[in-house]
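Before any comments, here is the structure.
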Amino acid sequence: MRAGAWRTVAQHRATKDLMREIRSRHPGLRAAIGSDLRLSAANRDERAEYHSRWDELAGAIRLAWISDAFFAQTLYRLKAWLQQRGVPVLPRLAHRLAMSIAQVCIGDPVVMHPGVYIAHGQVVIDGFVEVHSGVVISPFVTI
């Protein structure tokens, strides 16, 4: 092989290692969705306290039903969780569904901590970005 080919293989390995490290920092699915639910409900002036896992699940389903942005964010959480476990195809389907439903596109190298509120769709977050808890994401609107 040529010297340039070895460099490409090394770069490919480095990229895979970097993505593995990024995926290892994704939060757990249940904890992330629960935190997102509480912050989203609070920002929407809705009930933000849940007394059991079933109550929290019902709240998440209800909010996903009425808020396309929360549903898309939940699909992003599912995508990240599946990628972390090395599941093929399904993460890409979850990503495409989030883009179709709410025009929310959150890229693979993004790490989003639990407790983020996406106000509504038409949002793109991509690149080597880390979104911390308590952040409210909303598209820029000029009037």
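The values are calculated or read from the model by the stated rules, or taken from the named source; none is laboratory data. On a predicted model such as this, the values are computed, not experimentally measured, just so you know. No Cβ is skipped: glycine too gets one built from the backbone with ideal geometry, and neighbour counts run over all protein chains shown. Each accessible area value is taken on the protein alone, full model and side chains, heavy atoms only, with ligands, DNA and RNA left out. Shrake-Rupley method; radii C 1.70, N 1.55, O 1.52, S 1.80 Å.
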Please state which one of His95, His12 is within 19 Å of Val123 (Cβ to Cβ) and either open to solvent by less than 80 Å² (accessible area, probe 1.4 Å) or modelled with pLDDT under 95 (or both).
His95
Could you list, ordered by first residue, the pairs with Cβ atoms under 9 Å in which the first is in the range 112-129 and among the charged types (D, E, K, R) and the second is in a loop (DSSP other than H, G, I, E, B), at least 6 apart or interchain?
Asp126/Gly107; Asp126/Asp108; Asp126/Pro109; Asp126/Val110
What residue, among those in the range 57-91 that are in contact (Cβ under 8 Å) with a residue 40 or more places away in the chain and touching a strand residue (DSSP E or B) at 6+ places or on another chain (Cβ under 6 Å), is surrounded by the fewest Cβ atoms within 10 Å (Cβ to Cβ)?
Ala69
Here are the criteria: (1) under 11 Å from the mean Cα position of the chain (by Cα); (2) part of a helix (DSSP H, G or I); (3) not hydroxyl-bearing (Ser, Thr, Tyr). Tell me which single one Gln11 does not satisfy.
(1)
Scan the range 100-143 for residues that are surrounded by 13 or more Cβ atoms within 10 Å (Cβ to Cβ), of a type in the set (A, V, I, L, M) and part of a loop (DSSP other than H, G, I, E, B) and jot them down.
Val110, Val116, Ala119, Val135
Do we find that Trp54 is in a helix (DSSP H, G or I) and more than 26 Å from Ile137 (Cβ to Cβ) in this structure?
yes
Has the range 66-87 got at least one residue that is more than 20 Å from Ser35 (Cα to Cα) and part of a helix (DSSP H, G or I)?
yes
